[in-house]
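This report concerns only the one structure given below.
The values are calculated or read from the model by the stated rules, or taken from the named source; none is laboratory data. What you are looking at is a predicted structure, and each value in this text was computed from that prediction instead of being measured. Positions of Cβ are generated from backbone atoms using ideal geometry, with glycine treated the same way; all protein chains shown enter the neighbour counts. For accessibility, only protein heavy atoms count, side chains too; no ligands or nucleic acids. Shrake-Rupley method; radii C 1.70, N 1.55, O 1.52, S 1.80 Å.
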Amino acid sequence: MMTFHLSAPFQSDFTIQTNCTHLSRALLLKYGKYLQHSQELKGKTVTAFRENDRYRIEFEGHVTHTPNALLEIDYILCENTQYDEKIFALHGAAVGYKGKAYLFLASTTSGKTTLESYLVHAGFGYITDDCILLDRTNFVIYPYQSPIHLREGGLQVLKRLHAAPQNLERFGEGGNIRYAYTPENCINGPVPLGGIFFIRRTESENRLIEMSTTEKMTALMEAPITVYTVSGDYLKFISTLAGQNCFRLCYSDLDFVAEVIKNG
């Protein structure tokens, strides 16, 4: 049995145990430096036992049988992670440019990982690929640099643009195959917020769109990766955050996004 401790910044700790070397490799490629071999149990424990062609997943007395353990573990962790009170956790990617952080908020399969990979290849700094950790007190962004995970479609886009990363490692099962890598130009330490973009990939349109305060607040309240209680203080925070540089960004040309950031 292999035991791992998952300790990501400003969030719950977990222990993951498995008897499968294939799964342990996939877990290391998914969580990167935040997953370490351990001799003790810390936080909540997930166990994944390989039984022939399926896994028996156990968590807090609940048992699930599945052929895709990685997907099930990811679901369990997402549903049971709690974040530090000072953190606003957003579903999105972030890059750094000239000492500022620029956030890309969108749903899964929106192309944000492909966009981020392209920008990192173009010299922007890597901050995070999936979970943005924004400090509610001073609006700085903390790095959360697990490996970037490209889908096949995104990888093909980058290859056509001659921007595909080197030394990719393939992992996953069934229709959930990913290609993992960690960029060299990672940003160390917190970065002040420079701008927020609600992105939409298009066939031919490249446009930066102004938003009203109500549109910004609505979009920001739909963006968290976890559930927040809507209170007076929360709405005040959202209103203040909406006062930052928030835009809708439609793009077909990845270089257009780079120019938007460079031009401020």
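Treat every Asp and Glu Cβ in the range 154-200 as -1 and every Lys and Arg Cβ as +1, leave all other atoms uncharged, and give the resulting dipole magnitude about the Cα centre to the nearest 20 debye.
Values: 5 positive and 3 negative charges, 50 e Å.
Rounded to the nearest 20 debye, it is 240 debye.
If you add up the charges near residue 240, with Lys and Arg at +1 and Asp and Glu at -1, over every other residue whose beta carbon is less than 14 angstrom from its beta carbon, what do you get?
+1
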Checklist outcome for this item: Of 139-146, 160-167, 220-227, ordering from highest average Cβ density within 10 Å down gives 139-146, 220-227, 160-167
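Taking K and R as +1 and D and E as -1, what net charge do the other residues with C-beta under 13 Å from the C-beta of residue 166 add up to?
Combined, the nearby Lys, Arg, Asp and Glu give -1.
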Checklist entry - Under the Karplus relation 6.51 cos²θ - 1.76 cosθ + 1.60, θ = phi - 60°, what is the ordered set of whole-Hz ³J(HN,Hα) values for the range 159-169, x standing for Gly and Pro? => result 5, 5, 8, 6, 10, 6, x, 8, 6, 6, 10
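Return one whole number: the accessible area per residue of the chain in Å², for a 1.4 Å probe. Write down the numbers at each step before the final one.
Details: 12980 Å² over 264 residues.
Per-residue accessible area for the chain comes out at 49 Å².
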Checklist entry - In deg cm²/dmol and to the nearest 500, what is the mean residue ellipticity at 222 nm of the chain if only DSSP H runs of at least 4 residues count, each as -39500 (n - 2.57), divided by the residue total? => result -8000 deg cm²/dmol
Checklist outcome for this item: Checked against the positive end of the charge dipole of the chain (+1 on Cβ of Lys and Arg, -1 on Cβ of Asp and Glu, about the Cα centre), the farthest of 208, 16, 150 is 208
Checklist outcome for this item: Interchain or sequence-distant (5+) residues whose placed amide H lies within less than 5 Å of the amide H of residue 11 are 84
Item to check | ³J(HN,Hα), Karplus 6.51/-1.76/1.60, whole Hz, each residue of the range 20-25, x for Gly, Pro | outcome: 10, 5, 4, 5, 4, 5
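Rank these residues by their accessible area, most exposed first, probe 1.4 Å: 239, 110. Don't skip to the end; give the middle numbers.
Numbers: 239 55, 110 20 Å².
So the residues, ranked largest to smallest area, are 239, 110.
What does the charge count around residue 201 come to, taking other residues whose C-beta lies under 12 Å from its C-beta (Lys +1, Arg +1, Asp -1, Glu -1)? Provide the component values of the computation, followed by the final result.
Numbers: positive: 112, 200; negative: 203, 205, 253.
Result for the local shell: -1.
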Next on the checklist: What does DSSP give for the chain in terms of the percent of beta bridges that are antiparallel, rounded to the nearest 5?
Outcome noted: 75
Item to check | Accessible-area value, residue 121, 1.4 Å probe, nucleic acids and ligands omitted, Å² | outcome: 110
Checklist entry - So which chymotrypsin sites (Phe, Trp or Tyr not before Pro) in the range 172-264 end up in coil per DSSP with only 13 or fewer other C-beta atoms within 10 Å? => result 228
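What is the magnitude of the charge dipole of the range 92-172 about its Cα centre, with +1 placed on the Cβ of each Lys and Arg, -1 on the Cβ of each Asp and Glu, and no other charges, expressed in debye to the nearest 20? Mind dumping the intermediate values first?
Details: 8 positive and 6 negative charges, 43 e Å.
Taking the Cα centre of the range 92-172 as origin, the dipole is about 200 debye.
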Checklist outcome for this item: Residue by residue through the range 196-211, the couplings from Karplus 6.51 cos²θ - 1.76 cosθ + 1.60 with θ = phi - 60°, in Hz, x for Gly and Pro, are 10, 10, 8, 8, 9, 6, 10, 7, 8, 8, 10, 7, 9, 10, 5, 10
Checklist entry - Once the whole set of protein chains is in place, how much accessible area is left on residue 40, using a 1.4 Å probe, in Å² to the nearest 10? => result 100
Checklist entry - With +1 on each Lys and Arg Cβ and -1 on each Asp and Glu Cβ, how big is the dipole of the range 132-234 about its Cα centre, in debye rounded to the nearest 20? => result 280
